[in-house]
1. Could you tell me whether I289 is open to solvent by less than 60 Å² (accessible area, probe 1.4 Å) and touching a Phe, Trp or Tyr at 6+ places or on another chain (Cβ under 9 Å)?
2. Taking A135 as meeting all but one of (1) part of a loop (DSSP other than H, G, I, E, B); (2) under 30 Å from L35 (Cα atoms); (3) out of contact with any strand residue (DSSP E or B) (no Cβ under 7 Å at 6 or more places or on another chain), write down the number of the exception.
3. Looking at the range 74-87, which of its residues are more than 23 Å from A135 (Cα to Cα), part of a loop (DSSP other than H, G, I, E, B) and open to solvent by less than 40 Å² (accessible area, probe 1.4 Å)?
4. Exactly one of (1) under 21 Å from K49 (Cα atoms); (2) in contact (Cβ under 8 Å) with a residue 40 or more places away in the chain; (3) open to solvent by 40 Å² or more (accessible area, probe 1.4 Å) is unmet by W71. Its number?
5. Looking only at the range 224-268, which residues are within 21 Å of W122 (Cα to Cα) and surrounded by fewer than 15 Cβ atoms within 10 Å (Cβ to Cβ)?
6. Among the residues in the range 88-95, are any modelled with pLDDT of 90 or more and either at negative phi or surrounded by 17 or more Cβ atoms within 10 Å (Cβ to Cβ) (or both)?
7. Cβ contacts < 8 Å: first residue within 19 Å of M243 (Cβ to Cβ) and basic (K, R), restricted to the range 297-326; second residue assigned to a strand (DSSP E or B) and open to solvent by less than 70 Å² (accessible area, probe 1.4 Å), any location; separation 6+ or different chain. Result?
8. Within 30 Å of P197 (Cα to Cα) and surrounded by fewer than 20 Cβ atoms within 10 Å (Cβ to Cβ): does that describe D314?
Amino acid sequence: MATRRKAARRRSRPWAWLAAACALAVAHAAAVVLLPLPLSGPTATFSIKHGSSLRSAARQVEDALVLPLAWPLEALARVTGKASVIQAGNYELARGISLLGLLQRITSGDRTQDQITLVEGWTFAQVRAALERHAAVRQDLRGLGDTEVAARLELGQASPEGLFFPDTYYFPNGTSDLAILRRAYRALQAQLDALWPQRAPNLPLADPYQALILASIVEKETGAPADRAMIAGVFVNRLRRGMLLQTDPTVIYGLGPTFDGNLRRSDLTTDGPYNTYLRPGLPPTPIAIAGLAALQAALQPATTDALYFVARGDGTSEFSRTLADHERAVTKYQRLPARSR
């Protein structure tokens, strides 16, 4: 009888060892899942690209040095049934977070947002280039010409130039470039809707679009913010009198990619829709995106009798009422043949 009991105890030992081993494995797994991750600093940031698979996402987290190995995250996601709900985006983790906490973050969409800044004075070509460079922006503009972009966005103009408000825009990873442009267009329209009814009386501007064109010129001509309203006042005076605007930035814009940084006299005497030395009135479109201050200056210009201005070389401008005074200012500050504007 005793012999049979001893044999039974010997047969039960492997099962006991197996149970103990399983218990240890479960404890180890729990530790892996619940213990703080070995972050190298107080916080860690990483990105999961749009369209990533679970395995790719886990490797991206590993590559960002958030995890020593990718496979525990992948295994935990599969065991918990969350393999198909990994969300793209930018994430920021604080020290003390566990593997389970990490999984909860990337499956719940608790992300930090991306951002892009559209800068005052940028052309639409520069805006497009910034969107193309941004890794978090989904590229839907590729292959589309500017006219097609304007049509897709329903801008109401053939050219998209200048129709976006310069600002910093926040967005989740994978947002399309068209969606960002749509927001920037609506932001500009909101500014124009607010400013146009408050415009100064008797401006030589037929509609908000003409105000936007003038604001874009003011944006490109202004070196010192304090001069902005005066520069707008000069252009408004010239428009009222039927004088040529004679502003270099419009000519430079018309030259496009051929402009090499040196504006030549031949450029000023070659006709084109943006050559305001030869064609009266405003150019056909804005020449850049204009900030709020430039919009305000175009719609509330300074009251002045000045008709000319020239750069002093320190960012500010010298304003003159007569051509003779202007020519003296040009000689003083630029020592170049007089160029009216």
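The values are calculated or read from the model by the stated rules, or taken from the named source; none is laboratory data. Quick caveat: nothing in here was measured; it's all calculated off a predicted structure. All Cβ positions, even for glycine, are placed from backbone atoms using ideal geometry, and neighbour counts span all protein chains on display. When the accessible area is computed, the model is the full protein with side chains, heavy atoms only, and any ligands, DNA or RNA have been set aside. Shrake-Rupley method; radii C 1.70, N 1.55, O 1.52, S 1.80 Å.
1. On the way: open to solvent by less than 60 Å² (accessible area, probe 1.4 Å): yes; touching a Phe, Trp or Tyr at 6+ places or on another chain (Cβ under 9 Å): yes.
Here the answer is yes, as I289 does meet what is asked.
2. Unmet condition: (2).
3. The one that is more than 23 Å from A135 (Cα to Cα), part of a loop (DSSP other than H, G, I, E, B) and open to solvent by less than 40 Å² (accessible area, probe 1.4 Å): A83.
4. The number of the failed condition is (2).
5. A224, P225, A226, G256, P257, T258, F259, D260, G261, N262
6. No: the range 88-95 contains no residue that is modelled with pLDDT of 90 or more and either at negative phi or surrounded by 17 or more Cβ atoms within 10 Å (Cβ to Cβ) (or both).
7. Once the first residue is within 19 Å of M243 (Cβ to Cβ) and basic (K, R) and sits in the range 297-326, its partners that are assigned to a strand (DSSP E or B) and open to solvent by less than 70 Å² (accessible area, probe 1.4 Å) give R321/Y308.
8. Taking the combined requirement at face value, the residue does not satisfy it.
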